[in-house]
Amino acid sequence: MNRLSIYILALGVFLTATAELVVSGILHIIAKDLNITIALSGQLITAYSLAFAIGTPIIVSLTSRMGRRKVLVGSLAVFILGCIACSASSNLTILMASRMILGGSSGAYLVVAFGAAAKLVPAEKLGSAIGTIVLGFSSAMILGVPIGIAITSWMSWHAIFIILGLFSLIITLVILRLLPEIEGDEPISFQQQFKVLGSLVIISGLFLTFFRESGNSILFTYLTPFITDILHMKASNISIIMLVFGIFGAIGSRVGGYGVDRWGASRIITFSTIVQVATLALLPLFSESLGIGLGLIALMISSMFVAGPAIQTYFIQQAPQSSNLVLSLNTSIVHLGLAAGAGAGGVMINATSTTLYNPWMASFIVTLGLAAAFVSFSLGKKQRLLKFHNQA
């Protein structure tokens, strides 16, 4: 039953992640329908990210002591309302507000799903459970966006949100029916929960996330022009190669989950981040070879997703009493890192008039994340030794 519950939670993540990602594939259609510019329609993504980054820690903190099933159902109910509002939007203002509702509710659902999964499985299976939840997100990259684009071509972009709302309603009813009662965090004060923010182990771990996501964004925001302009792939083949990359990401999330259970979170983070740094550094050197270039990108994406379950698991292990708060802050840092990386990548392109050097910049930034990880691991080891000596 616990395994079924994990997959149910992952399906919810798939739906909420699809609502986030699908807009990027249909921005031009939304812009035309609302009679606005592409640049203005792009702010729909910004609005979602800001609501996700700011709203998630607040919502998660306020609901930390509530039963997890109740919070999951509540966040999905708000998400469904956001979908209804999106489907009925006839102007940018309403659609922007609707996207903010989706951002806050999706963020809350994702974090609570991580926390609930951690309480549904024994400690030795934590990595696999978190990997399954991450798989829900990576599956949205593979299937959600292409399906959304197909629905838009077949009906309209409004229909995407009607369908997402209907399927979310089904998942909500399934959660009510099948998910067991899961207690919230221990009844400790908010002041004690927020003390975790003074932990250098956690702070350095959050820096790992920031630098890692910034580095990812430096490449991924401009991945299409890199592939077409630098690797010289035909634009008509981009959708196919993106699907292949998504499959590599999904495989990576599963491998990462199993790897955490077998070798530990810190080892998986270290290994996968080193691979990521190396592949990014090599990428510009093989710009004349389409096959090697695409292979390096696929390996980099796989290693990136391998680290996903490990990082979530690491935070849960380091702050078990405040895991929901820390995970919510981590998801906020993810979005801040993505925004920072997109800006930094744009500056690099303006300075060099090419995307060729973006992978080198990304490699350097991810290396800073690896350094932050080593600091966190070292401090955590010292804390455990000190605690052991004090108990002895």
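What the table below lists for this structure:
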{"quantity": "Residue count, segment 320-361 (criterion: of a type in the set (Gly, Ala, Ser), in a helix (DSSP H, G or I) and farther than 17 Å from Phe210 by Cβ)", "calculated": "4"}
{"quantity": "Among (1) at pLDDT 80 or above; (2) of a type in the set (Ser, Thr, Tyr); (3) crowded, with 20+ Cβ neighbours inside 10 Å; (4) not assigned by TED's automatic domain parsing to the domain that holds Lys119, the one test that Ser168 misses", "calculated": "(4)"}
{"quantity": "Neighbours by Cβ (under 7 Å, 6+ apart or cross-chain): first from segment 62-82, of a type in the set (A, V, I, L, M); second assigned to a loop (DSSP other than H, G, I, E, B)", "calculated": "Met66/Gly184; Val71/Thr63"}
{"quantity": "Where Leu208 falls short, out of the listed (1) touching a Ser or Thr at 6+ places or on another chain (Cβ under 7 Å); (2) modelled with pLDDT under 90", "calculated": "(2)"}
{"quantity": "Index of the failed condition, Ala362 passing every other in (1) under 23 Å from the mean Cα position of the chain (by Cα); (2) crowded, with 23+ Cβ neighbours inside 10 Å; (3) modelled with pLDDT under 90", "calculated": "(3)"}
{"quantity": "Residue in segment 282-295 that is under 18 Å from the mean Cα position of the chain (by Cα), in a helix (DSSP H, G or I) and not aliphatic (A, V, I, L, M) present", "calculated": "no"}
{"quantity": "Given (1) closer than 29 Å to Ile8 by Cβ; (2) in a helix (DSSP H, G or I); (3) touching a residue at least 60 places away in the same chain (Cβ under 8 Å), number of the condition Ile29 does not satisfy", "calculated": "(1)"}
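The rows are residues; the columns are (1) closer than 30 Å to Gly380 by Cα; (2) of a type outside the set (D, E, K, R); (3) crowded, with 19+ Cβ neighbours inside 10 Å; (4) under 22 Å from the mean Cα position of the chain (by Cα).
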| residue | (1), (2), (3), (4) |
| --- | --- |
| Gly205 | yes, yes, yes, yes |
| Leu208 | yes, yes, yes, yes |
| Asn216 | yes, yes, yes, yes |
| Leu219 | no, yes, yes, yes |
| Thr224 | no, yes, no, yes |
| Asp229 | no, no, no, no |
| Met233 | no, yes, no, no |
| Ser239 | no, yes, no, yes |
| Gly249 | yes, yes, yes, yes |
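So that you can scan it fast, the table gives a plain yes or no per residue for (1) outside the structural domain of Leu379 (by TED's automatic domain parsing); (2) surrounded by 24 or more Cβ atoms within 10 Å (Cβ to Cβ); (3) under 18 Å from Leu120 (Cα atoms):
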position	(1), (2), (3)
Leu299	no, no, no
Met304	no, yes, no
Ala307	no, yes, no
Ile311	no, yes, no
Gln317	no, no, yes
Val326	no, yes, no
Thr331	no, no, no
Leu336	no, no, no
Ala342	no, no, no
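The values are calculated or read from the model by the stated rules, or taken from the named source; none is laboratory data. The structure displayed is predicted, hence computed values, not measured ones. In this analysis, Cβ positions are derived from the backbone assuming ideal geometry, glycine residues included, and neighbour counts consider all displayed protein chains.
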